[in-house]
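Below you'll find the structure, written out as structure tokens, and then a few comments.
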Amino acid sequence: MTAELVRGQNHPLSQSRLEIRISAGTPVAAAAALSDENGRIHGTEWVAHPGAPVQPGLEVSRQAAADHRLAVDLDAVTEAVHRVSVLLALPAANGGAGPARFGAVAAPFVAVTGLDGTEVASYTITGLDLESAVVALELYRRQGAWKVRAVGQGYAGGLAELFADQGLSEAAQLATGIDEAVARGLARSVQAPPPRTSEGDRSRQAAAPAVGPDQGAAPQGVPGPVPPTYGGQPADGQGQGGPQPAYGGATGPHASAGGGPVNYSHPRRQTSAPPPPPPAAPPAQPGQPTRPVAGDATGWSMEERLYNQVWGMFEDLARTAAAYRSAVDFAESRMDKELEQALSDPRSRIGGQGDAAREAARARYTQLVDQARASLDRDVAQLVAESEVVEPALPPAFARWDNPCWHAYRVPMEIPMALRLGDLRLPEAESIRIPMLLRLPLERGLWIDSGRTDSLDGSFTDSHDMRRLAMDTAVAHAARLLAVYPAGEFTVHVVDPAGSGAQALAPLTQTGVLAGPPAQGAAGVTEVLARLTQRVDLVQMALRGGAPDALPPGFDTSQQLLIVNDFPHGFDDRAVNQLRYLVDEGPSVGVHLMMVADREESAGYGPLLDPLWRALLRLTPVPDDHLADPWVGHAWTYEPPAVPHGSEVLREVLTQVAEARRTWNR
């Protein structure tokens, strides 16, 4: 029976190999510190954290996440260690964009479990307020045995104060190193979905969990970060009252110059009444899983239902894969322990008794792994069936370029909730791809990495091909952004100092959807950056002064996207500083950046540009496993959007966009 602890209470531990499971409801960084009988940490090597996730007897997550699993082997820690403290910290306190204190989030939940998933003790950390770091619980030696104690000691000064309190002389340096590791992890994370209103938001039957230690341990709906406000309005458009224009005071999809406040938010959705029920799934045959239905998640519109359903599929796959991996880890650990016991007994080394024990251990391992794989295959098959009905039903903003919906494309009158940037998959489930959906308006810029890399299939891609593929990918992303916004509501600028991207940019330049010809040379770079920097300054001053309708006559209130190719070629120090300014300040006032660059080529700037790269969402022109989910931190393989070979869908869509703009401007 699980012991539900309160602050200060302890409970004996009968196992040495344990998991610490953390559910925080918001991304947190997790660490584990070793200390002596006086609670003193002897050095940075006594702390497992995202920057150094493995220490003797400890393994922690490599990034901030809403859910964590920490592995602890008490037999592997040295005799000098008397305490193992589990630490949590909010990334916001370390330069992130989320909540800065635990009092602003749901109470974190921590559970100590065996490797088979059996819960030994749990603790809900309540009573926190201004604290940004907390010692959740500690495992400690007492008279030769180990116990767990609920601690809940918080620190308003963050990890630096926490480590200093435990006697670590390098407290500030270690806290800074953890900050940087967390920032790197957040930069590679897939944007979490917005919070769900209740556990029942996803009304369809979720994929059955795999049989293993993960059963029933993870919450079904982990809320994502609260979106920032643009111009005083919620970024997701969920405000008071009924539907209103997206740009206050303006009628139609485009606000005329000086026609009203500039509000770069999603058009508001009605919240005065509950959404209509989702489509009901047809009854399943006895013994068969429920037949999937497109749009069976809740939402105000079919678009929102499909968006929530896709994210539900993403979460289901993440959790069922986590259950499978945990079950395999348990099977391996159990086999190792049984083999160790067989070898440690002298009697088993004589005759065939030892061989029989080893064969039995391997047979039990194979049986456990086969059971876990069968459960995973069942869940994946259900998700594949769901994907087969969801994919054809997706609107253009969510659909692949080979979806037939593009043949019936018309320029929209409203901004969609999100757009598709590619697909995500896991190595355990190669048969299914989950659409990678990014909320609109963009909250961070995009970086298309043109650096040379080895593709996952083993083929080598040289630097020339990578540059070409990177620009093709950037053009596909830009074309989709242009296609999903109403006419005149999205403007694209291009900086191509050496003109090396001319061939890839042809679909944009030849259809006339760009704001002007691609800027070339140092003079072109300077002119475009100065114009966009001035735009950011003007809108910020207008919003801060409470007079967003006082912008100059003829001011373009549409969203702006700057595509930069071959950075840092053509950029001097002033241009680099302007680019950093646009990355930091631009998204809040509708100016976004898409970089096509090889980071190694800007290595001469040293750490100066590290914040720039971390602020951008890194995407690749070839499949690469660099993205992580916000729940359990799996490394997901990202596959860029591919236009079918020989297809003219890109030019056809952009031609319609250009024609709609000409009609709108008449």
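The values are calculated or read from the model by the stated rules, or taken from the named source; none is laboratory data. As the structure is a computational prediction, the values presented were derived from the model and not from experiment. Ideal geometry is used to build each Cβ from the backbone, glycine not excepted, and the neighbour counts take in all protein chains shown. These accessible areas exclude ligands, DNA and RNA; they are computed on the full protein's heavy atoms, side chains included. Shrake-Rupley method; radii C 1.70, N 1.55, O 1.52, S 1.80 Å.
The figures follow:
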| quantity | calculated |
| --- | --- |
| Matching option when the condition is in a helix (DSSP H, G or I) and under 27 Å from G521 (Cβ atoms), among R580, R661, R651, R614 | R580 |
| Counted residues, the stretch 624-666 - those being surrounded by fewer than 17 Cβ atoms within 10 Å (Cβ to Cβ) and under 30 Å from V576 (Cα atoms) | 2 |
| Top-ranked residue of the stretch 547-579 - restricted to ones that are of a type in the set (G, A, S) and more than 20 Å from A470 (Cα to Cα), ranked as surrounded by the most Cβ atoms within 10 Å (Cβ to Cβ) | A575 |
| Count of residues meeting criterion [assigned to a loop (DSSP other than H, G, I, E, B), under 30 Å from V182 (Cα atoms) and either at pLDDT below 90 or touching a strand residue (DSSP E or B) at 6+ places or on another chain (Cβ under 9 Å) (or both)] in the stretch 1-42 | 10 |
| The listed residue being in contact with a Gly (Cβ under 9 Å, 6 or more places away or on another chain) and at negative phi, out of T44, T2 | T44 |
| Residue count for the stretch 8-42, restricted to those that are under 25 Å from R101 (Cβ atoms), surrounded by 15 or more Cβ atoms within 10 Å (Cβ to Cβ) and out of contact with any Pro (no Cβ under 9 Å at 6 or more places or on another chain) | 6 |
| Pair list, Cβ under 6 Å, 6 or more apart: the stretch 530-547 residue farther than 12 Å from S588 by Cβ, other residue of a type in the set (V, I, T) | L532/V591 |
| Selected residue (only one of A111, A133, A145 is in contact with a Lys or Arg (Cβ under 7 Å, 6 or more places away or on another chain), of a type in the set (G, A, S) and either more than 22 Å from G185 (Cβ to Cβ) or open to solvent by less than 10 Å² (accessible area, probe 1.4 Å) (or both)) | A111 |
| Among (1) under 30 Å from G295 (Cα atoms); (2) within 26 Å of the chain's Cα centre (by Cα), the one test that A372 misses | (2) |
| Of all residues making up the stretch 403-423, the number that are open to solvent by less than 10 Å² (accessible area, probe 1.4 Å) and among the small types (G, A, S) | 2 |
| Residue count, the stretch 472-502 (criterion: outside any helix (DSSP H, G or I) and within 23 Å of R400 (Cα to Cα)) | 7 |
| Candidate set: the stretch 92-105, residues that are within 22 Å of G185 (Cα to Cα) and modelled with pLDDT of 85 or more; chosen: the one least open to solvent (accessible area, probe 1.4 Å) | F102 |
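Yes/no per residue for (1) more than 19 Å from R40 (Cβ to Cβ); (2) surrounded by fewer than 19 Cβ atoms within 10 Å (Cβ to Cβ); (3) touching a Leu at 6+ places or on another chain (Cβ under 9 Å):
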| position | (1), (2), (3) |
| --- | --- |
| I125 | yes, no, yes |
| Y140 | no, no, no |
| Q153 | no, yes, yes |
| G167 | no, yes, no |
